[in-house]
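Just below is one structure, and these are the notes that go with it.
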Amino acid sequence: MMTPVFLLLLSVMLIPSSLLPIKSGELVSVQNETLDAFQVIAKANANLTNTLTHGDIMPNRKRNADPCTAIGCKWPKTGSYVYVPVAITGDFSAQERDVIIEALVSFHDLTCIRFIWRSTEVDYLNFYTGTGCWSYVGRQSNQQLISLQKNACTYFSTVQHEVIHALGFRHEQNRSDRDSYVNIYTQNIQAGMESNFMKLQTNNLGTPYDFNSVMHYPNNGFSKNGLPTISAKSNPNMVLGGATQMSSNDIARINRLYQCCE
């Protein structure tokens, strides 16, 4: 594992406009994480008053891959790569900043997404120490905030989860074909949270429903009584959620949406 000093130097390094991606050595270990992305997000967002949809999505300024990806909210591709400018602001600790960087770098080995430090780019992601954990779906315009509440949201899986939203994807159980795979128990959902379980018109990119996705709710997500709000039709006892990093299907969907093999 890389030393904190080296990572801190990396985190303040400026990348010129020649599109050199952010780099790092081996990834930080995620084996010690005991909370999946949803648990972290739900805890951090429990008392938020601003309007989020589906638990951690900020309503888009315009609008599995979200339909907007067909009309302009994908990040542009240059040659073989999709370069996404980023900035990290706020008062993150050196360790929290390192976790954000390592989560970003994890996309480099698995997809054609390349995160670069923002210099003069107009459209970019800005990770900041906001209130709660949330992101927009797909590329918006100008500065696009990703909120990672300090001491609450800076987990490897949580950063991956919010970045996947920013790349154009929604939660797994909101897929257009979800009724073939899961049961939703509306009687157990907290009042006012029913919309988090709405089925949406999504482009599933020919990939199978993924119970192990880092974008999937756990069995008792938004439960008002401790009973399940969602279960697998094939096996009601299957444990859902719990992912501490992207699944192979999460990676495949990113690669298909952005045509990473072309």
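Checking the condition under 24 Å from SER234 (Cβ atoms), under 19 Å from the mean Cα position of the chain (by Cα) and not β-branched (Val, Ile, Thr), which residue from TYR209, TYR185 passes? First the steps, then the outcome.
On the way: TYR185 fails: under 19 Å from the mean Cα position of the chain (by Cα).
None of the other options fit; the residue is TYR209.
For region 241-258, does any single residue satisfy the condition of being over 17 Å from the mean Cα position of the chain (by Cα), assigned to a loop (DSSP other than H, G, I, E, B), farther than 20 Å from TYR155 by Cβ and at pLDDT 95 or above? Scanning region 241-258 turns up no residue that is over 17 Å from the mean Cα position of the chain (by Cα), assigned to a loop (DSSP other than H, G, I, E, B), farther than 20 Å from TYR155 by Cβ and at pLDDT 95 or above.
Anything in region 130-147 that is part of a loop (DSSP other than H, G, I, E, B) and touching a Phe, Trp or Tyr at 6+ places or on another chain (Cβ under 6 Å)? List them, or say none. Residue satisfying the conditions is ARG139 alone.
Filtering region 176-206 to residues that are open to solvent by less than 10 Å² (accessible area, probe 1.4 Å), at pLDDT below 95 and outside any helix (DSSP H, G or I) leaves nothing.
For a quick check of your reading of the model, give me the residue pairs whose first member lies in region 239-262 and is closer than 14 Å to GLN160 by Cβ, whose second is of a type in the set (Ser, Thr, Tyr) and not in a loop (DSSP other than H, G, I, E, B), with beta-carbon atoms closer than 7 Å and at least 6 apart or on different chains. Every condition considered, the pairs that remain are ALA243/SER157; THR244/SER157; GLN245/SER157.
The values are calculated or read from the model by the stated rules, or taken from the named source; none is laboratory data. The shown structure was predicted, so the numbers you read here are calculated from the model rather than taken from an experiment. When we count neighbours, we look across all protein chains shown, and the Cβ atoms used for this are built from the backbone with ideal geometry, even at glycine. Just the protein is used for accessible areas: all its heavy atoms, side chains included, with ligands, DNA and RNA removed. Shrake-Rupley method; radii C 1.70, N 1.55, O 1.52, S 1.80 Å.
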